[in-house]
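The structure appears below as structure tokens.
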Amino acid sequence: MSLLETRGLTKTFGGLRALSDVNLSVEQGELVSLIGPNGAGKSTLINVITGRLRPSDGDIRYDGQDIVGMDPHEIAQLGVGRTFQTASIFPERTVRENVEIAAHAVEEGSFSVNFFRRRDYFDDVIERTDTVLETIELEDEQELEAKSLPYGDKRRLEVAIGLATGPDLMFMDEPTAGMSPTETEMTVELIEQLREEWGMTICLVEHDMDVIFGVSDRIFVLNEGELIADGTPSEIRENETVREAYLGS
Ligand code: ADP
Ligand code: MG
């Protein structure tokens, strides 16, 4: 049984088919990538799987369980995580508090700053926060306000927030966007570390083809909402349809 499986997954926005009959499966421990031009449906696919959007049609099974119609926090509790966009960071809070909110939220069911009105910080929240800060190498920045971080560190905080929810399967939507080559390299190392040391299953959306072809076990290619190819990096490189539709050669 695959860890994640979609069948006939479709999402329409008015007349637009953002996802059209997508069938894919991800195995435990795999690092898969999702590529395709802007507007291909990559973020929509993540939003539908993580429960932020409801599919118009189709099935999604995670670990054998039908997750269509579940709330995002219920899906997160099952072990499906995602990196969060900078917009979901609490700018006035410290780096540490941002990670603690996420570590706590997965137990509590929603993100809330009210957490800080409570005195009973759970030991496991603190422990998880420490581990995440160490892994993401944000320990030295933990007492800084999130808004004061340089761009690359903000992007890493997004990953830290995703990680703090303790996922088995993590979606990373363009984690290196806007990063310098050095920051990109650090992020790639982190992705490999999450997979090798944490045994995490990862689904990566990324525009940098060197990154994609370097780290992926398998690549899914979306074009106008349709899954037009699925294969190993070398299979995808050789795939005529993909070359015509996307790689431009
Ligand atoms: P990608 O992440 O591959 O760039 P998206 O999944 O963001 O693509 O978008 C796929 C298509 O769906 C685009 O045409 C986009 O404009 C549209 N779309 C995405 N989200 C919404 C939404 N909430 N409402 C209406 N249209 C949307
Ligand atoms: Mg996107």
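Counting only alpha carbon atoms, the long axis of helix 151-164 and the longest principal axis of the chain meet at about 90°.
A compact globular protein would have a Cα radius of gyration near 2.2 N^0.38 Å; the ratio found for the chain is 1.00. The base-10 log of I(q)/I(0) for segment 1-78, evaluated at q = 0.15, 0.19, 0.26, 0.28 Å⁻¹, reads -0.49, -0.80, -1.40, -1.51 [Debye formula, identical scatterers on Cα atoms, solvent excluded].
Taking the chain as the reference, fit the longest principal axis to its C-alpha atoms, fit the long axis of helix 123-135 to the helix C-alpha atoms, and give the angle between the two in degrees, 0 to 90, nearest 10. Once rounded, the angle reads 60 degrees. Take each peptide in 190-203, 4-17, count the other Cβ atoms within 10 Å of every residue, and average; sorted highest first, the result is 190-203, 4-17.
Dividing the helix sum by the residues of the chain, where each DSSP H run of 4 or more adds -39500 (n - 2.57), gives a mean residue ellipticity at 222 nm of -10000 deg cm²/dmol.
Straight distance only, please: which lysines reach the Cα of K11 with their own Cα at less than 26 Å, same-chain residues fewer than 8 apart left out? Counting by Cα, and skipping residues close in sequence, K11 has these lysines nearby: K42.
Near A229, the amide H atoms lying under 5 Å from its own belong to V221; only residues 5 or more places off or on other chains count, and H is placed 1.01 Å from N. For the peptides 233-240, 210-217, residues were scored by their other Cβ atoms within 10 Å and the scores averaged per peptide; the highest-first order is 210-217, 233-240.
Computed from Cα atoms, the angle from the helix 181-196 axis to the main principal axis of the chain rounds to 90 degrees. Express the relative contact order of the chain as a whole percentage, based on alpha carbon pairs under 8 Å and six or more residues apart in sequence. Answer for the chain is 26 percent.
Packing here is the average count of other Cβ atoms within 10 Å per residue, and on that basis the peptides 28-36, 53-61, highest first, run 28-36, 53-61. Going toward the positive end of the dipole of the chain, with +1 on Lys and Arg Cβ and -1 on Asp and Glu Cβ, which of Q193, T129, V80 do you reach last? It is V80.
Computed from the C-beta positions of D123 and E185 and an R0 of 35 Å, the FRET efficiency is 0.50 to the nearest 0.05.
None of the figures in this text is laboratory data; all of them are computed from the coordinates on show. Just so you know, these numbers come straight off a predicted model, no measurement behind them. Note that we place each Cβ from the backbone using ideal geometry, even for glycine, and neighbour counts take in every protein chain shown.
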